[in-house]
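Participant: Here it is: the structure, laid out below.
The values are calculated or read from the model by the stated rules, or taken from the named source; none is laboratory data. Quick caveat, the model's predicted, so the values are computed rather than measured. Every residue, glycine as well, gets a Cβ built from its backbone with ideal geometry; the counts of neighbours run over all protein chains shown. To get the accessible areas, we keep the full protein, side chains included, count just its heavy atoms, and leave off ligands, DNA and RNA. Shrake-Rupley method; radii C 1.70, N 1.55, O 1.52, S 1.80 Å.
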2 protein chains.
Amino acid sequence: MLAVFCVRACSGLGGLRTATRVRSVHSLPGITVAQIDEEVAKLLQLKAQIGGDDGKHQFVLKTAKGTRDYNPKQMAIRERVFNTIIGCFKRHGAETIDTPVFELKETLTGKYGEDSKLIYDLKDQGGELLSLRYDLTVPFARYLAMNKITNIKRYHIAKVYRRDNPAMTRGRYREFYQCDFDIAGQYDGMIPDAECLKIVHEILSELDLGDFRIKVNDRRILDGMFAVCGVPDDKFRSICSTVDKLDKMPWEDVKKEMVNEKGLSEEAADRIGEYVSLQGGMDLAERLLQDHRMSQSKQACAGLSDIKLLFSYLQLFQVTDKVVFDLSLARGLDYYTGIIYEAVLTQAGVAPAPAEAQNGASAEESVSVGSVAGGGRYDGLVGMFDPKGRKVPCVGVSIGIERIFSIMEQKAEALAEKVRTTEVQVMVASAQKNLLEEKLRLITELWNAGIKAEVMYKKNPKLLSQLQHCEESGIPLVAILGEQELKDGVVKLRVVATREEVDISRADLIAEIRKRTSEA
Amino acid sequence: MLAVFCVRACSGLGGLRTATRVRSVHSLPGITVAQIDEEVAKLLQLKAQIGGDDGKHQFVLKTAKGTRDYNPKQMAIRERVFNTIIGCFKRHGAETIDTPVFELKETLTGKYGEDSKLIYDLKDQGGELLSLRYDLTVPFARYLAMNKITNIKRYHIAKVYRRDNPAMTRGRYREFYQCDFDIAGQYDGMIPDAECLKIVHEILSELDLGDFRIKVNDRRILDGMFAVCGVPDDKFRSICSTVDKLDKMPWEDVKKEMVNEKGLSEEAADRIGEYVSLQGGMDLAERLLQDHRMSQSKQACAGLSDIKLLFSYLQLFQVTDKVVFDLSLARGLDYYTGIIYEAVLTQAGVAPAPAEAQNGASAEESVSVGSVAGGGRYDGLVGMFDPKGRKVPCVGVSIGIERIFSIMEQKAEALAEKVRTTEVQVMVASAQKNLLEEKLRLITELWNAGIKAEVMYKKNPKLLSQLQHCEESGIPLVAILGEQELKDGVVKLRVVATREEVDISRADLIAEIRKRTSEA
C-alpha cells in the first residue's frame, strides 16, 4: 500500500470539505506501478471533486483554456470559408478522408521533435495509451501505411490539438482546424509541389484577405547551406530551429542565440547570415548554383535545381507574382525532406525606413501579419509506419484556417455586415388569433415541397412580432393567413424589404416563393 | 525520491531493450503527489517506448480501439447523408453552433447517471481537468447558460466519445458522430416537440432506409405509472432503467430483474407489466386519462394530456403513420423531464409466430433492427449551469448517424454501386510526348475558370493510362492535346462513356465543358 491512507470527501454546509491526508510512511516494501497509478488516480479524482484549495466548490462556467465555442454568426462565416477552400480542393480533383481525433500514443511518438511536449495525452483508464492528434499529416501517413496506399490526392479538414500557450486574439488556439491538401505518390519532380502552391494562391486570392506572399525554400538547401557554412552535422536541426525565428527576431538576436546558446562559431554564423538575407526567384536559384561555397554541396545543388524547375511550373500556373525563394524560411517540423513553403499576409503601404531601404530592402517591402498556410515535402514519413520501411513520397499544404476566420470576423464586424445565420425563405404568419392549426397545415405543405420555412411556436403571436423576427433574421418573405384569405383560398405574400403585399392562390404559392427567392 | 532509480532504454541490434528496475525502498519521507505523478509519467512513457513486456518493440499499425478511418468512398456516402440531414435542419430554420471536443471535467459531472463511467478523461498534464464530450446536449446547455441565451433553434453535427464496448459491425463506435437538432425557449406546449418528430420523419423518409417507427412516451407518464403501481420513490430511476431493457429482453426477464435484483414487489411489477405492453395513439392517451389507477397521478395526467396535444399537431404535420405512443419506452439519460422518443428501423415481412399473434401482437408486427434517432424534452439541464438556476426549456433530437452510415455502406456494396469520390469534370491529357508545359498551360485556364480538372503528374504518361484513370474514377470528359491540335488552336474533347471525340476551339472549350457537365 502506498502513502494514501485516508481519501474521502464529505459534503458539508459550506460546500465540499476534504479530509485527505497524505502521510509519509516509513516502510514500503514491494510497490508496483499499478499501485502508484491507482493511488494517483484516487488523488486526482479527489482534486476534481473538491475544486479549489479552499475546499469550497467553485463551479466555473467556461470552455477549456485555449478553446472557444462558435456562435451561429461565426459558423456562417466558417461555412463560407470552408466552402471556398473545399471548392478549390475539389477543383483540383482531391478526395477526402477522415481519421479519429485520437491515435495510439506511439503513432505520434518521434514525429514532432521538440514540439512533442505539446501533445495532449488521454488518461490511462485501462486499455490503450492514446493522444489527441497534433496535426493531420502524421495520421495521414499512418493511414497510407496501414492501408498500403501508394498514391492518393486527398484533403482533410478537422480539428487538431496542441497544449501551446494560446493567443486567442491572434487566432491561436489549443483546439483549431487544419485544412490539409496532400499528394502522395511517386511522380515526376515538382509537378505536385507546384500544384500545392497554385492551390494556396487560388485560396488566398479567392478569400480576398489582402495581399500575400508565399515563401519557398528547401530542406536540402538549408542543410547544404549549414554544411558549407561550417555548422557541425549534429547541430543542423538546432541551428535550423534558430533560423526559423527570423520572422519574429532581428538577425542580431538570431546570431546571438546561435553563438552564445548553441555554441556556433561567429564566422559560421556570419556566413549563414549572408545567405538567409537572400530573396528572389528562379534567378537567385541560378546564381546560388554558381556560388563558390553553395555549389560544393551536392544536397544544396539538388535543392536549387528543384527550385528552378518549380519556378518554371509556377510560371505556367501564373502564380509567380506572389512566390519568393527565401533562404531564411526554415519550418520547424522534423519530417520535411525537400521543398518547404509558407504563405504570409502582408500589410501593404508600410514604407520601410530610409536606412533600411539603403541596405537593400526593397521599396515594396511590406510587413508580415502572420502565416496563413504552410507545408512541404515529406518523403520519409510514411516509411516510418510501414513494417518494411517502404517509402511513399508526399507533398502537402495546410491552410491556417483559424487566423483566416479571425480576419474574416473582424472584417464582418468592421463593415457592420449583416451575416444571415439561417436560410429561411418564408415565415408563415397570421394576423388574427386561433389560426395555429391552419399555419401548421400550410407550413407542412411548404416543408414537404422543400421550402425553408418557419412558424412561431406560439398559439397567438402578434403580427408585429412575427414581422420583427423576419427583419432581424433576414427572412425575405412572409406568408400571412387570415380568415378572409382562408375563405378566398389565398395567402397574402409580403415582401419584407418593400412591405409590398400580394394575394397568391394556395395552388401557386410554392412556385411563387421559389421564383422570388431563387433571385436572391 | 521515489522508487524508480534507473529508467533508461538502450537500443540494441534486437530492437529496443529496457534496463528498468523498480526497486523497493525502505525509507520514503515526505513524498508528494507531484512526485508520484512525475515518476508515474516517466514509467508510462517508458512503457510506451518499449511496447510489450518482452522488451521488444512491437509497433502496432492501427487506429485506437473502437474508432475507424473513413476512406474516400465512405466519405462520399457520409457527405451525402450529411447533406440530406443538414438540408432538413436548414429547411426548419435552424442555425448551427460548434463547441470544443473537450469540456472541463466538472461540466460533465452529474449529468449522465450511471453512464458517467464511460467518459474519456484527458491526462492531467498541468492546468485544468478535461474530459471528451459524451454528447452534444450537455455542451449545448453549457453554451446557453454561459451566453445567457434563452431561445435558439440550432443544429450541431460533431463527434462524441464513449468508452463503451464497441460493436463496430453494428455501427457502434467509441468515437461517433451525433447530429443534434434542439429548440430552446419558453413556448406554447408541444409545438416544438412535434416539430422534432416531423424532422425525424422527414430525414428517415428522405434517406430511404426502409420502414421505421417513432416511439413516443413521457417521463411524467413513466413516473406517474411507477407511483400508481406502488414503486417506492427512491426506486423510480432504477426501475426505469430496467424498463429501458424491454427492447432487448422479454418481459419475463425484465420482471425478474425488478423483483429479484431491485427488490420490487411482485404485484407492483405485474401492474407495470400491464401498462408497458400498451401501444397506440391519441386514443390510448384518452383511455389512460380515464384509467382508474393512472388518473390518480397528476403527473401522469399532465403527460397524457400533452401526448394528446402532440398527436393533434402530428396529424397536421402528416406524420402519425409512423408515430406510436408506447409506454415501454424509457430512455436512460437522467436529464429528460417530459416527452421522450426514439426512432427504430423495422424489418417488414417477418410474420409473428401464431401463438404470439393470438396474444395480441399485431399481424403487422415487424422486427426492430435498431434505434436510429432519439431525444426528448429536458427543461432542467440549462438551469444546472446557470449561477442563478434560471431554467431554459429545451427539446431536441439526435440522429444516430453511424448506424445510418453502416446501412448506406452495406446498401452501396450490395448494389455494387459505383460511388464517385471526386467531382473532376475533365482530364487534361496528351497523345504525344513533351507536352507537359502545354497541358499545364491549359489546365491553368480551366482551373482559373472554375472547372474541376486533373492532369497526370508525369512528363510523358501513356494516353491509355490517362484514359484508364478516367474510367476508374468516373471522369466524364478528356481534353486531349497533340501537335496538330496545338497548331490548329483546338482541343480534342473526348466523351469517356461513348468514346466520341470532337475538336473544340480553345476559345469555346470552357463553355463546352460547362454545357456538357451541367447535364450530368
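Participant: Any idea how far the Cα center of segment B:306-337 sits from the one of segment A:174-226, in Å?
Facilitator: So the two Cα centres are separated by 54 Å.
Participant: I need the shape label for segment A:93-165. Rule: rounded when a/c is under 1.5, else prolate if a/b > b/c, else oblate, with a, b, c from the alpha carbon gyration tensor.
Facilitator: On the way: a/c = 1.97, a/b = 1.61, b/c = 1.22.
Verdict is prolate for segment A:93-165.
Participant: Next question. Am I reading the A/B interface right? What is its buried accessible area, both sides, 1.4 Å probe, to the nearest 100 Å²?
Facilitator: Values: alone 28010 and 28030 Å², together 45940 Å².
Result for this pair: about 10100 Å² buried.
Participant: Quick check: from the Cα gyration tensor, does segment A:458-520 come out rounded (a/c under 1.5), prolate or oblate?
Facilitator: Working: a/c = 2.07, a/b = 1.05, b/c = 1.98.
Oblate shape, in that a/c is at least 1.5 and b/c is the bigger or equal ratio.
Participant: What's the FRET efficiency of A:Gln410 with A:Lys65 using the Cβ-Cβ distance as r and R₀ = 30 Å, to the nearest 0.05?
Facilitator: Working: r = 23 Å, r/R0 = 0.75.
Efficiency, rounded to the nearest 0.05: 0.85.
Participant: Would you work out the Kirkwood radius for segment B:261-338? I mean one over the mean of 1/r across all pairs of different Cα atoms, in Å. Before the final figure, lay out each step's value.
Facilitator: Working: mean 1/r = 0.0717 Å⁻¹.
By the Kirkwood definition, the hydrodynamic radius is 14.0 Å.
Participant: For the pair B:Lys248 and B:Gln296, what calculated FRET efficiency results from E = 1/(1 + (r/R0)^6), where r is the Cβ-Cβ distance and R0 = 41 Å, to the nearest 0.05?
Facilitator: On the way: r = 31 Å, r/R0 = 0.76.
Working from the Cβ atoms, E equals 0.85.
Participant: Which links in A:Lys117/B:Lys123; A:Lys391/B:Lys439; B:Lys439/B:Lys487; A:Lys62/B:Lys123; A:Lys433/A:Lys487; A:Lys459/B:Lys308 stretch past 23 Å when you go from one Cα to the other? Could you put the intermediate results ahead of the total?
Facilitator: Working: A:Lys117/B:Lys123 13 Å; A:Lys391/B:Lys439 29 Å; B:Lys439/B:Lys487 14 Å; A:Lys62/B:Lys123 19 Å; A:Lys433/A:Lys487 15 Å; A:Lys459/B:Lys308 16 Å.
Violating the 23 Å limit, Cα to Cα: A:Lys391/B:Lys439.
Participant: Along the axis that rotates chain B into chain A, which residue of chain B has the nearest beta-carbon, and what is the gap in whole Å?
Facilitator: Measuring from each Cβ to the axis, the minimum is at B:Lys123, 2.
Participant: Between the DSSP loop rule and a limit of at most 14 other Cβ atoms within 10 Å, which trypsin sites (Lys or Arg not before Pro) in segment B:374-413 are left? Each step should come with its number before you reach the end.
Facilitator: Working: sites: B:Arg377, B:Lys388, B:Arg390, B:Lys391, B:Arg403, B:Lys411; in loops: B:Lys388, B:Arg390, B:Lys391.
Answer by residue number: B:Lys388, B:Arg390.
Participant: Please identify the GluC sites (Glu not before Pro) of segment B:381-444 that satisfy two criteria: DSSP loop assignment and at most 11 other Cβ atoms within 10 Å. Which are they?
Facilitator: On the way: sites: B:Glu402, B:Glu409, B:Glu413, B:Glu417, B:Glu423, B:Glu437, B:Glu438; in loops: B:Glu417, B:Glu423.
Here the GluC sites (Glu not before Pro) that fit, given the DSSP loop and packing criteria, are B:Glu417.
Participant: For peptide B:85-93, compute the average count of partner chain beta-carbon atoms within 10 Å of each residue's beta-carbon.
Facilitator: Values: counts 0, 0, 3, 2, 1, 4, 12, 8, 13.
That works out to 5 on average.
Participant: Next up: Any idea what the A:Gln318 label distances to the other copies are, label 7 Å down the Cα→Cβ vector, nm, shortest first?
Facilitator: With the label placed 7 Å along Cα→Cβ, A:Gln318 yields 5.0 nm.
Participant: Using only alpha carbon pairs under 8 Å that are at least six residues apart, calculate the relative contact order of segment B:412-471 and give it in whole percent.
Facilitator: Once divided by the residue count of segment B:412-471, the mean separation gives 39 percent.
Participant: Carbon-plus-sulfur fraction of the accessible area of segment A:214-323, 1.4 Å probe, in percent?
Facilitator: Values: 2320 of 5080 Å².
With neighbouring chains kept in place, the figure for segment A:214-323 is 46 percent.
Participant: Then there is this: What does the convex hull of the Cα atoms of segment B:209-302 come to per residue, in Å³, rounded to a whole number? Mind showing how you got there, number by number?
Facilitator: Working: hull volume 10.1 nm³, N = 94.
Spelled out: Cα convex hull of segment B:209-302, divided by residues, is 107 Å³.
Participant: Output the residues of segment A:287-326 meeting this criterion: accessible area (heavy atoms, 1.4 Å probe) in the chain alone minus accessible area with all protein chains in place is 40 Å² or greater.
Facilitator: Buried by 40 Å² or more upon assembly, which counts only protein chains, are A:Tyr313, A:Leu316, A:Phe317.
Participant: Just to confirm, what accessible area per residue do you get for segment A:421-520 at 1.4 Å probe, in whole Å²? Don't jump to the answer; show the numbers that get you there.
Facilitator: On the way: 4890 Å² over 100 residues.
Result: 49 Å² of accessible area for each residue.
Participant: I would also like to ask the following. Compute the distance in nm between two label points, each set 7 Å from the Cα along the Cα-to-Cβ direction, one at A:Lys148 and one at B:Ser277.
Facilitator: 5.7
Participant: Also: Measuring with a 1.4 Å probe in the full set of protein chains, what accessible area per residue, in whole Å², belongs to segment B:97-254?
Facilitator: Numbers: 5330 Å² over 158 residues.
The answer is 34 Å² per residue.
Participant: Shifting gears a bit: Using a 1.4 Å probe on the heavy atoms of the protein chains only, list every residue of segment A:421-447 that has 20 Å² or more less accessible area in the complete assembly than in its chain alone.
Facilitator: In segment A:421-447, residues shielded by partner chains: A:Thr421, A:Thr422, A:Glu423, A:Leu436, A:Glu437, A:Leu440, A:Arg441, A:Thr444, A:Trp447.
Participant: For a quick check of your reading of the filter: which GluC sites (Glu not before Pro) in segment A:439-520 sit in a DSSP loop and have no more than 13 other Cβ atoms within 10 Å? Intermediate values should be presented prior to the final figure.
Facilitator: Values: sites: A:Glu445, A:Glu454, A:Glu471, A:Glu472, A:Glu483, A:Glu485, A:Glu500, A:Glu501, A:Glu512, A:Glu519; in loops: A:Glu500, A:Glu519.
Hits after loop and neighbour filter: A:Glu500, A:Glu519.
Participant: Please report, as a whole percent, how much of the solvent-accessible surface of segment A:462-520 comes from carbon and sulfur atoms (probe radius 1.4 Å). Can you show the working numbers first?
Facilitator: On the way: 1720 of 3380 Å².
Whole-percent figure for carbon plus sulfur exposure: 51.
Participant: Could you give, in nm with one decimal, how far A:Glu413 is from each other copy of that position, shortest first, with labels 7 Å out from Cα toward Cβ?
Facilitator: 4.9
Participant: At B:Asn151, label 7 Å along Cα→Cβ: distances to the other copies, nm, ascending?
Facilitator: Ordered by increasing distance: 5.9 nm.
Participant: What's the FRET efficiency of B:Glu500 with A:Glu266 using the Cβ-Cβ distance as r and R₀ = 60 Å, to the nearest 0.05? Please report the intermediate quantities before stating the final value.
Facilitator: Numbers: r = 71 Å, r/R0 = 1.19.
E(calc), rounded to 0.05, equals 0.25.
Participant: Let me ask something else. Which ³J(HN,Hα) values in Hz, rounded to whole numbers, follow from the phi angles of segment A:215-220 under the Karplus curve 6.51 cos²θ - 1.76 cosθ + 1.60, where θ = phi - 60° and Gly and Pro get x?
Facilitator: Values per residue, Gly and Pro as x: 8, 10, 8, 9, 4, 5 Hz.
Participant: How much length is gained if the chain between A:Ser305 and A:Ser205 is pulled fully straight, taking 0.36 nm per residue apart and subtracting their Cα-Cα distance, in nm to one decimal?
Facilitator: Working: separation 100, 0.36 × 100 = 36.00 nm, distance 2.82 nm.
Going from the current span to full extension adds 33.2 nm.
Participant: Students often get this wrong: which residues of segment A:219-263 have the backbone nitrogen under 14 Å from the point 7 angstrom along Cα-to-C-beta of A:Ala167?
Facilitator: Output list for this probe position: A:245-250.
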